[in-house]
Amino acid sequence: MKAITVIPGRPDQVRVGDLDEPRPGPDDLLVEGRLLGICGTDTDIVESHDYGWPPPGRDRLVIGHESLGTVLQAPPGTPFVPGDLVAGMVRRPDPVPCEPCGHGEPDFCRNGLYTERGIKELDGYGSQRWVVDTQYAIKLDPALGDCGVLLEPASVLAKAWEQTERIFGRATWRPRIALVTGAGPIGLLAALLGVQRGLEVHVLDIGDHGPKRRLVTDLGAAFHLGEARDMGVIPDVVIETTGHGPLVFELAELVAPDSVICLLGISPSTRREKAGLDEINKRMVLKNTVLFGSVNASPRNFGQAADALAKADLGWLKRLITRRVPMSGFVDGLHKRPEDVKVVVDLQA
Ligand code: BGC
């Protein structure tokens, strides 16, 4: 079977080559890969020198963590049967395990020894067939079809919103106005989940190309172009997806009292700026501001994401997938075009 393998940090070394068929263990599903979503993490693994780790003793990693496939073979007595539409989870607990990993929350791993499919020391889902332990597989509503490939990014948002809501549990008032910064796939899914929660959602971006403005307004949310301070919106909650450091501190100054800012974006830059930090500190203290980061998702969050996708408008979800490339087009897919939202690899082409 064919698989997409990479040597992290070596863009000239991306290959589509033959690998042995995977052999399912007693608890594994054997899955026919259908689609693989591409995200910024994949670009970082291929192009930057500080992200992505092949399995120990190897120099190549099967890339891909946004999966979608069809079950070919399932262990008896499990909730899975051949034909089920499934996606695999990304992170596995560390071997020690640390306390969160021991309690089924590897997304909160404390010793950094967790592994991640397609990212850190475990082969990913970028192959024509793959196996996954049933405890790390999620069954999807078959009506979702190709849109099931959005499960993994949606799980990151399910966690972000869950954690945000838990933080709001510290007081009795409920947030009303949400701001999402960045209208990429993560930002658009953040907006979807915000609208599903009944919030007034605003999405800010620096560019107005491609379908993102329409995708935002078709959700019933507002699209803003330019600077956060010029929007005329004082958010109660922010989901930040750009990873642009200066924006984070601008947001800390802009938000309403008692607000929560959830950081989801990472940028490869190493900008250092010290301007105004004492002032920001003072404002955050006096306004009870919470600024927190969130990564990955627990099995519970994958379940929440599957529910969120199942109740979303399918026509809207389909418009998020703007380009399909064959396996040989993976490198092309890493480079986003202005009209792209989510690029996916067709694992059977
Ligand atoms: C993935 C997460 C992963 C994170 C860090 C993200 O792109 O969606 O599942 O934990 O990268 O490796």
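Per this entry, Ala171 is counted among residues that are open to solvent by 30 Å² or more (accessible area, probe 1.4 Å), small (Gly, Ala, Ser) and within 21 Å of Lys287 (Cα to Cα).
What residue, of Arg323, Arg319, Arg300, is among the basic types (Lys, Arg) and not assigned by TED's automatic domain parsing to the domain that holds Gln135?
Arg300
No other residue among Glu152, Glu165 is open to solvent by 10 Å² or more (accessible area, probe 1.4 Å) and either farther than 14 Å from Ser294 by Cβ or not charged (D, E, K, R) (or both) apart from Glu152.
If you go through region 53-83 and keep only what is open to solvent by 10 Å² or more (accessible area, probe 1.4 Å) and over 18 Å from Leu30 (Cα atoms), you end up with Trp53, Pro54, Pro55, Pro56, Gly57, Arg58, Asp59, Arg60.
Counting only helices (runs of 4 or more DSSP H) that sit completely within region 270-349, those holding 1 or more residues that are farther than 24 Å from Asp50 by Cα correspond to 277-286, 299-311, 314-320.
For Pro95, the conditions (1) within 27 Å of His49 (Cβ to Cβ); (2) in a loop (DSSP other than H, G, I, E, B); (3) within 16 Å of the ligand (Cβ to nearest atom) are fulfilled apart from (3).
Among the residues of region 313-330, is there at least one that is open to solvent by 80 Å² or more (accessible area, probe 1.4 Å) and among the polar types (S, T, N, Q)?
Yes, region 313-330 contains at least one residue that is open to solvent by 80 Å² or more (accessible area, probe 1.4 Å) and among the polar types (S, T, N, Q).
Where strands (runs of 3 or more DSSP E) fall entirely within region 1-56, those with at least 1 residues that are within 15 Å of the ligand (Cβ to nearest atom) are at 2-6, 28-37.
Just so you know, in region 307-316 the residues that are touching a residue at least 40 places away in the same chain (Cβ under 8 Å) and over 11 Å from Cys147 (Cβ atoms) include one that is farthest from the chain's Cα centre (by Cα), and it is Lys311. If you check Ala178 against the conditions, is it open to solvent by less than 10 Å² (accessible area, probe 1.4 Å) and within 12 Å of the ligand (Cβ to nearest atom)? No, not satisfied.
Tally up the residues in region 256-265 that are over 15 Å from Arg174 (Cβ atoms) and either polar (S, T, N, Q) or touching a residue at least 40 places away in the same chain (Cβ under 8 Å) (or both), please. Explain how you work it out, then say what you get.
Going through region 256-265, the residues over 15 Å from Arg174 (Cβ atoms) turn out to be 261-265.
Narrowing further to those that are either polar (S, T, N, Q) or touching a residue at least 40 places away in the same chain (Cβ under 8 Å) (or both): 262, 264-265.
Count: 3.
Restricting attention to region 116-143, the residues that are part of a strand (DSSP E or B) and either small (Gly, Ala, Ser) or within 12 Å of the ligand (Cβ to nearest atom) (or both) add up to 7.
Among the listed residues Leu68, Leu113, Leu72, which satisfies the condition of being part of a loop (DSSP other than H, G, I, E, B) and among the aliphatic types (A, V, I, L, M)? Explain how you work it out, then say what you get.
On the way: Leu68 fails: part of a loop (DSSP other than H, G, I, E, B); Leu72 fails: part of a loop (DSSP other than H, G, I, E, B).
When all the criteria are applied, what remains is Leu113.
Taken across region 188-195, residues that are without any contact (Cβ under 8 Å) to a residue 12 or more places away in the chain, open to solvent by 30 Å² or more (accessible area, probe 1.4 Å) and under 20 Å from Ser259 (Cβ atoms) do not occur at all. Of Val237, Val216, Val233, all but one fail to be without any contact (Cβ under 8 Å) to a residue 40 or more places away in the chain and either surrounded by 13 or more Cβ atoms within 10 Å (Cβ to Cβ) or within 21 Å of Ala252 (Cβ to Cβ) (or both); the exception is Val216.
The values are calculated or read from the model by the stated rules, or taken from the named source; none is laboratory data. Values in this document were obtained by computation on a predicted structure and should not be read as measured data. No Cβ is skipped: glycine too gets one built from the backbone with ideal geometry, and neighbour counts run over all protein chains shown. With ligands, DNA and RNA removed, areas are computed over all heavy atoms of the protein, side chains included. Shrake-Rupley method; radii C 1.70, N 1.55, O 1.52, S 1.80 Å.
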